[in-house]
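To start, the structure under review is shown below, and the notes come after it.
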Amino acid sequence: MATMLTPSRLHSADVARTAGVGLRTRKLRAALSALGIMIGIAAMVGVLGLSESSKSDLLAQLDKLGTNLLTVQAGGGIGLGSGQLPAEAAEMVARIGPVEQTTTVSEVDANVYKNDLVPLGQTGGITVQAVDLNLMDTLAGSLDDGVFLNEASAAYPTTVLGSVAAERLGIAEVTGTQLVWLGDQWFTVVGVLDQFDLNPDLDRAALVGMVAAETYLDHDNVPTSVLVRADPDFVDDVMNVLAATANPENPEEVEVARPTDALEAREAADDAFTALFLGLGGVALLVGGVGIANVMVISVLERRSEIGLRRALGATKRHVAVQFLGEALLLAAIGGVGGVLLGYGVTTGYASLRGWSTLVPPIAIAGGIAAALLIGAIAGLYPAVRAARMSPTEALRSS
C-alpha cells in the first residue's frame, strides 16, 4: 500500500534564513535597494513630523496672537442709542464665564508733539489712547525699552509710546527724562513698545493711563473698544453673547470682530500640510516599490541555478515563492526601519534649529514601517511568482 507523504513545511526561521541569503551575497545591491525605500519612508516620516512640529509652533503663535481674541466696538446700528459703548462695558463682559482677560482702549481727543514749538497741524498721524493696565497681557505685547504704566505712573502725566510713534518723535531709547508735548502740557516718556501684531493702531499712539487722561486731559474714559481674551474652546459662544452683554439696551449698535485672518491661516495650514504629506507619501511609495521590484526581478534572473537546484532537491513552488517574497519583505523592513529613524532624526535636527518642539506622531512611525512592508509585499509578489513557476530542468539548463 502506498504511503502518503506529509507536505513539507517551511518554518519561520527557515524563511528568514533563506530570505537573507540573497541579501548577504549581494550586499551592495541590497544596501542600495534598502536605501531607496529608506529615503522614501524618511521623506514620509520627515514631512509628517516637520508638518506636525511646524504646525504646532504656528498654531501656538496664532493662539498667542489672537485666535481667541475678540474686539468689541461701538457701531452705527439702527437704534436710538448714543453710538458709544457704555462706560461699564468691560466690567460686564468680564463676567462672561469663558472670558479670561479684558482690556479697554479709549481714544483721547488730543495730539502729541515732540515739543511745544511744533505747528499744531503736524501731528505725524500719532493718536493718544487711554488704556488700562491689562493691555500688555491681553494683547501679548512687549516693551522695546523702559517700562509700562503701573498703578502709580498711570495717575500722572506719563506716556508709553508705540513703536511707530516713538520713531516719529525721534525717541530711540528711554532715559526717563524725555518729555513730549501732549494735550497742551508736558508728559514724561517712560517706555517704548515693540510692534503690536494684534493691534497696529497702537503702534502709532501715545498711551496714557485712564486716571491721567481724566485728570490732565479732561477725558471721560468712555471705551472706544474692549479687547477680550476668551477660552479658545468657547470663542464662538462668547462671540454670540458679547454684543448683548456689552450694551444690553442697544446690542445692535455693537460690532464684534474676530481675527478671521488668523483662523483662516490656521485652517490653511492644516490643509496645506495634509496635502503635502499625501503627495510626498505617494511619491515615496512609487519610488520604493519600483526600486524593490526592479532588484527582485534581476535577482530571480541571476539566481536561476539556485532556484533549479532547490527545486531538484525537493523545494516546492510555495517554498521558492515564500523565499523571494520574504527577501523583498526583509529589504522593505530594513528600509522602513531605517527610513523611520532617518526621518525622525531629520525632524529633530530641523525642529531644534528652528526652535520648535519635536512632534512625530506615532502613526507616522507605525505607518512608515507598515507602508514599507506593503511596498515590499506588492513589489516582491511578481518576482516570487515568476521564480516559483520555474521548473527545475528549465532553471538548471538556462543557468
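The values are calculated or read from the model by the stated rules, or taken from the named source; none is laboratory data. Just so we're clear, the structure is a prediction, and the values are computed from it rather than from any experiment. In this analysis, Cβ positions are derived from the backbone assuming ideal geometry, glycine residues included, and neighbour counts consider all displayed protein chains.
Remarks
- Residues that are touching a helix residue (DSSP H, G or I) at 6+ places or on another chain (Cβ under 7 Å) and within 19 Å of Leu133 (Cα to Cα), drawn from the range 216-250: His219, Asn221, Pro223, Val226, Leu227, Val228, Arg229, Ala230
- Filtered by the rule that a residue be over 25 Å from Val256 (Cβ atoms) and in contact with a Pro (Cβ under 7 Å, 6 or more places away or on another chain), the range 197-232 gives Ala212, Tyr216.
- Test: Ala212 is over 13 Å from Gly146 (Cβ atoms) and more than 31 Å from the chain's Cα centre (by Cα): yes
- Note on the range 309-339: residues that are buried (at least 22 other Cβ atoms within 10 Å of the Cβ), modelled with pLDDT under 75 and in contact with a Pro (Cβ under 9 Å, 6 or more places away or on another chain) amount to 2.
- The range 138-191, residues that are hydroxyl-bearing (Ser, Thr, Tyr) and without any contact (Cβ under 8 Å) to a residue 40 or more places away in the chain: Thr175, Thr177, Thr188
- Single residue of the range 241-264 satisfying the filter (of a type outside the set (Val, Ile, Thr), assigned to a helix (DSSP H, G or I) and modelled with pLDDT of 65 or more) that is nearest to Gly368 (Cα to Cα): Leu242
- For Thr188, the conditions (1) at pLDDT below 90; (2) in contact with a strand residue (DSSP E or B) (Cβ under 6 Å, 6 or more places away or on another chain) are fulfilled apart from (1).
- Hey, Glu306 acidic (Asp, Glu), in a helix (DSSP H, G or I) and modelled with pLDDT of 75 or more or not: no
- Looking only at residues of the range 184-221 that are of a type in the set (A, V, I, L, M) and either part of a strand (DSSP E or B) or not assigned by TED's automatic domain parsing to the domain that holds Ile126 (or both), we find that the one that is surrounded by the most Cβ atoms within 10 Å (Cβ to Cβ) is Val208.
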